[in-house]
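This report refers to the structure that appears directly beneath it.
The values are calculated or read from the model by the stated rules, or taken from the named source; none is laboratory data. What you are looking at is a predicted structure, and each value in this text was computed from that prediction instead of being measured. Because the Cβ atoms are built from the backbone with ideal geometry, glycine has one as well, and the counts that use them run over all protein chains shown. Keep in mind that these areas ignore ligands, DNA and RNA; they rest on the heavy atoms of the full protein, side chains included. Shrake-Rupley method; radii C 1.70, N 1.55, O 1.52, S 1.80 Å.
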Amino acid sequence: MRQIHHGKSSRCFVVVLAPVIQIPAELKKLFTVVDHELPNHTQLEWIAREVATELGELPTPEDLPRVIEAAAGLTRSEAENAFSLSLVRYGTLEPETMWELKSHQLKKSGLVSLHRGQENFEQLGGLDNLKAFCLRAMRRQGESNTGASHTPNPRGVLLLSPPGCGKSQFAKALGNETGRPTVVLVVGALLGSLVGQSESNVRAALKLADAMAPCVLYADVLEKSIAGASSSGQTDSGVTARVFGSLLTWLNDHESDVFFVGTCNDASKLLPEFARAERFDGVFFVDLPGREQKDAIWGIYQGVYGLDATQVRPNDANWTGAEIKSCCRLASLLDVPLIQAAQNVVPVAVTAGDKIESLRQWASGRCLSADQAGVYSRSQEAGNGRARRVMREPGVN
């Protein structure tokens, strides 16, 4: 402290560089904190040109934006290493090298991870309205970024449904369908043991997602990640409530092109402020698949597991897509017909039928339908266990 006061009188500055801000209380008023942001796309392009001048050649103007987009979210040092490795391997800058190093760096950070699967909408039966809605919103933004009139950034969707109805697979396939990376956020894993660590981790994770924009940010089973937020003041000194508040604030205020996809299996544990307007573009209910959706799902997984498409299918009343997949996988694994494999499948509608019905009743009138355009409506006189929906053009609610 003596040196700092001496520096003030002699017009000398003390500059401290650190990855984590931990200033003693007696020194806080004497320091100005300057937050150094991750390189944006313009800066990454400048770094790429600088590295390529020394070690190789830049890709074509058509391929360079894909390289820069793949490097988004890396620090300057990490980007230089990734560009250099790609030039040594291939003589030019390849996006795959950026994704490889970025995936390793994100894993080491422990804040978020990068999903690199091959899922697509052709592997996901049903959910026609949800698919159309998200693609329409994200492609409109893509047109805006390429020169059309400005449109606001899409915020994302909240998906509510019983387990096994395709929420997680949809979130993973959406990134591939729109050419965006899928960043996985596990809110519960961000909780730390030190005072202030949890809140700092959440802010760092969301800042990293902003730096990787445009991307899809996927958070699964949100009701479990933020369980206890309402009683947080009595159970954990308010840590969960503050983490929850940080996420809510970001959902409401972020300006980056990050499309958030959150999933939830139990509406009763989801706080009402989470689903209010302007935090999401839409809150969708994903019901158990109907007959048309089930036929499409059977066709998909019979093809995946090499099963005869003409064989007799089991009674699939109230089955989810995950249970149809399980039946097909077991039929292939055990080399038995689908009818026999179905004896090893216990539907969630049997083990948790009361919870599913309660979830449908809650979603009726509150959520959009994932299958048909319009608000989900649980028909009181529906005898087949399915709901009656308001019909509109898919993707326009």
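Would you kindly state how much longer the chain becomes between Glu273 and Ser200 on full extension, computed as 0.36 nm times their sequence separation minus their alpha carbon distance, in nm to one decimal? Present the calculation step by step, with values, prior to reporting the outcome.
Details: separation 73, 0.36 × 73 = 26.28 nm, distance 2.22 nm.
Additional length available on full extension: 24.1 nm.
What accessible surface, in Å², does a 1.4 Å probe find on Arg116, ignoring ligands, DNA and RNA and rounding to the nearest 10?
Near enough 110 Å² of accessible area.
Can you give me the % of accessible surface on the chain that is carbon or sulfur? Probe 1.4 Å, all protein chains present, nothing else counted. Intermediate results must be reported in sequence, preceding the final value.
Details: 10910 of 20880 Å².
The computed percentage sits at 52.
Residues of the chain: accessible area per residue at 1.4 Å, in Å²? Display every interim value, and only then the final one.
Details: 20880 Å² over 397 residues.
Value returned for the chain: 53 Å² of accessible area per residue.
Compare Thr75, Thr97 by solvent-accessible area with a 1.4 Å probe and give them largest first, with all protein chains kept in place. Provide the component values of the computation, followed by the final result.
On the way: Thr75 50, Thr97 0 Å².
Solvent-accessible surface, decreasing: Thr75, Thr97.
If contacts are Cα pairs under 8 angstrom and at least 6 residues apart, what is the relative contact order of region 280-367 in percent? Could the numbers behind the result be given before it?
Values: 70 pairs, mean separation 26.6, N = 88.
Here the relative contact order equals 30 percent.
Sum -39500 (n - 2.57) across every DSSP H segment of at least 4 residues in the chain, then divide by the residue count to get the 222 nm mean residue ellipticity, nearest 500. Each step should come with its number before you reach the end.
On the way: 16 runs with 177 residues, N = 397.
Helices in the chain give a 222 nm mean residue ellipticity of -13500 deg cm²/dmol.
Hey, of [x] 1.16; [y] 0.96; [z] 1.07, which did the structure itself give for Cα Rg over 2.2 N^0.38 Å when calculated?
[x]
Could you tell me the distance between the Cα centroids of region 1-63 and region 322-384, to the nearest Å?
So the separation of the two Cα centres works out to 53 Å.
Past the 24 Å Cα-Cα mark, which pairs from Lys131/Lys294; Lys8/Lys28; Lys107/Lys355; Lys108/Lys131; Lys102/Lys224; Lys269/Lys325? Each step should come with its number before you reach the end.
On the way: Lys131/Lys294 17 Å; Lys8/Lys28 15 Å; Lys107/Lys355 36 Å; Lys108/Lys131 33 Å; Lys102/Lys224 28 Å; Lys269/Lys325 28 Å.
Correct reply: Lys107/Lys355; Lys108/Lys131; Lys102/Lys224; Lys269/Lys325.
What is the magnitude of the charge dipole of region 17-66 about its Cα centre, with +1 placed on the Cβ of each Lys and Arg, -1 on the Cβ of each Asp and Glu, and no other charges, expressed in debye to the nearest 20? Mind dumping the intermediate values first?
On the way: 4 positive and 9 negative charges, 80 e Å.
My answer is approximately 380 debye.
Which residues does a label at Ser109 reach in region 161-185, if reach means a backbone N under 19 Å from a point 7 Å past the Cα toward the Cβ?
175, 180-185
Amide H of Val184 versus every other amide H placed in the peptide plane: which residues, excluding those fewer than 5 positions away on the same chain, fall under 5 Å?
Amide H neighbours of Val184: Ser113, Leu114, His115, Tyr218.
With unit charges on the beta carbon (Lys/Arg positive, Asp/Glu negative), name the residue among Leu30, Gln43, Thr75 whose Cα is farthest towards the positive pole of the charge dipole of region 1-77.
Toward the positive end, the furthest listed residue is Leu30.
Sequence gap at least 6, Cα distance under 8 Å: using those rules, report the relative contact order of the chain to the nearest whole percent. If you can, show how the numbers build up before the last one.
Values: 593 pairs, mean separation 61.9, N = 397.
For the chain, the relative contact order is 16 percent.
According to the square roots a ≥ b ≥ c of the eigenvalues of the Cα gyration tensor, what is the shape class of region 1-128, taking rounded for a/c under 1.5, prolate for a/b larger than b/c otherwise, and oblate for the remainder? Present the calculation step by step, with values, prior to reporting the outcome.
On the way: a/c = 3.33, a/b = 1.76, b/c = 1.89.
Here region 1-128 falls in the oblate category.
Which GluC sites (Glu not before Pro) in region 1-92 sit in a loop by DSSP (not H, G, I, E or B) and have at most 16 other Cβ atoms within 10 Å of their own Cβ?
On the way: sites: Glu26, Glu37, Glu45, Glu50, Glu54, Glu57, Glu62, Glu69, Glu78, Glu80; in loops: Glu37, Glu57, Glu62.
Passing both the DSSP loop test and the Cβ count: Glu37, Glu57, Glu62.
Computed over the Cα atoms, what is the radius of gyration of region 22-73 divided by 2.2 N^0.38 Å, N being its residue count? Write down the numbers at each step before the final one.
Values: Rg = 17.8 Å, N = 52, 2.2 N^0.38 = 9.9 Å.
The reported ratio for this selection is 1.80.
Assuming R0 = 30 Å, what is the FRET efficiency of Gln43 and Ala189, from their Cβ-Cβ distance, to the nearest 0.05? Please list the in-between numbers first.
Values: r = 30 Å, r/R0 = 0.99.
Plugging the Cβ-Cβ distance into 1/(1 + (r/R0)^6) gives 0.50.
For Glu278, tell me the accessible area in Å² from a 1.4 Å probe, rounded to the nearest 10.
Probe radius 1.4 Å; accessible area of Glu278 about 110 Å².
Using a Förster radius of 41 Å, what is the FRET efficiency between Gln311 and Gln118 based on their Cβ-Cβ separation? Nearest 0.05, please. List each step's numbers first, then the result.
On the way: r = 27 Å, r/R0 = 0.66.
Once rounded, the FRET efficiency stands at 0.90.
For Thr310, what accessible area in Å² do you get when you roll a 1.4 Å probe over the heavy atoms of the protein chains, rounding to the nearest 10?
Probe radius 1.4 Å; accessible area of Thr310 about 120 Å².
Would you work out the charge dipole size for the chain about its Cα centre, treating the Cβ of every Lys and Arg as +1 and the Cβ of every Asp and Glu as -1, and quote it to the nearest 20 debye?
In total the dipole reaches around 1060 debye.
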